1. What is the sum of charges around residue 117, taking Lys and Arg as +1, Asp and Glu as -1, for the other residues whose C-beta is under 12 Å from the C-beta of residue 117?
2. Counting Lys +1, Arg +1, Asp -1, Glu -1, what net charge surrounds residue 23 among other residues with beta carbon under 13 Å of its beta carbon?
3. Using a 1.4 angstrom probe with every protein chain in place, what is the largest-first accessible-area order of 123, 167, 158?
4. Only helical DSSP H runs with n ≥ 4 go in: add -39500 (n - 2.57) per run for the chain, normalise by residue count and round the 222 nm mean residue ellipticity to 500 deg cm²/dmol.
5. Please report the net charge: other residues with Cβ closer than 10 Å to the Cβ of residue 190, K and R +1, D and E -1.
6. Considering only protein heavy atoms, with the full assembly of protein chains and a 1.4 angstrom probe, order 319, 149, 212, 125 by accessible area, largest first.
7. Which whole-number percentage describes the relative contact order of the chain, with Cα contacts under 8 Å and a sequence gap of 6 or more?
8. Specify, per residue and in Å³, the volume enclosed by the convex hull of the alpha carbon atoms belonging to region 46-94.
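The values are calculated or read from the model by the stated rules, or taken from the named source; none is laboratory data. Since this is a predicted model, take the numbers as computed values, not measurements. Note that each Cβ is placed from the backbone with ideal geometry, even for glycine, and that neighbours are counted across all protein chains shown. For accessibility, only protein heavy atoms count, side chains too; no ligands or nucleic acids. Shrake-Rupley method; radii C 1.70, N 1.55, O 1.52, S 1.80 Å.
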Amino acid sequence: MKQNRLVSFLIAAVLLLVLPLLLQQGGNAWVRIVDMALLYVLLALGLNIVVGFAGLLDLGYVAFFAVGAYLFALLGSPHLADAFPAVAAAFPEGLHLPIWAAIPVAAGVAGFFGVLLGAPTLKLRGDYLAIVTLGFGEIIRVFLNNLDRPINLTNGPKGINQIDSMKFFGLDLGKSFNVLGFEVASVSLYYYLFLGLVIFSVGICHRLELSRIGRAWMAVREDEIAAKAMGINTRNMKLLAFGMGATFGGVSGAMFAAFQGFVSPESFSLMESVMIVAMVVLGGIGHLPGVILGALLLAALPEVLRHVAGPLQAMTDGRLDSAILRQLLIALAMIGIMLMRPRGLWPSSEHGKPLTKVSE
């Protein structure tokens, strides 16, 4: 049994390693789709800590994604030098902090915002918590859209460009890399970085799930009053869930900014938050394999449906917009999944089930 599992892991590892090299033969667009899917997996894993483990509905999770992206953009572009004369005097070309400093700062500030969101919502649950978190996400987006005056901090709706790419020990992931005469595209190099982060994040989430903290989160999720009666500090557990989930969002945002080289408020709309929540719910709340599956499917589904919406538009002589058709097909697919699999595509065996006494 162990040998079969080891062989399966080895086959999966080889397939994951060669996947971008095969896809880039058909163009970099397919590799970019996989890269973005991996970023969504990172976001879904972070939100799963809040929604799946602690049972706190968060509809403003994209705000932490935005905070991480903009912080990395400010620390890795000439924008601060252009906007602030004091920064230009000390750093004429901008800060351009190395990733070893920029990513922890982005993660830490996003985590701080997570705690800041969690503090006033400790007594809220369900719909009320969803409304507050939804408002928080919209507040962050509005701030990003308007903080270009009187001090130009975010450059408003125009966004920030010329963001540094990831660099590791002299290897620039923004440029292609030649190995024995074979060219590895930039998007493929980012794929390996994102894949490594996903594997590392899955390990962290798995250890958290099995730890005392994870058990405390699940106790709060199932019955907060009973958890408090058993001596669990529900306040600290909730704040920790918000903070840790936001940290994942901050790291994902930093990766997104470096990968795209440009950030703007349009990338952090309400629909992004809704899609991330849908990934967790459709995959299976609280179940790591299900969350990963849901994120991959919902990230790739819009791109796959482009090839379906086009012929449907042609059948109507162009009277229906292909983008609207694509959104309609996505919505129908999500409704169908929830009707057939109300607990998700790959639900946890324990989540939502009462404990039963084992007969001796």
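1. Numbers: positive: 238; negative: 58.
Local charge sum for residue 117: 0.
2. Surrounding charge for residue 23 is -1.
3. The ranking, largest first, comes out as 123, 158, 167.
4. -22000 deg cm²/dmol
5. Working: positive: 32; negative: 35.
Once positives and negatives cancel, what remains is 0.
6. Numbers: 319 180, 149 155, 212 215, 125 90 Å².
Correct descending sequence by accessible area is 212, 319, 149, 125.
7. Value for the chain: 28 percent.
8. Spread over its residues, the Cα hull of region 46-94 gives 80 Å³ apiece.
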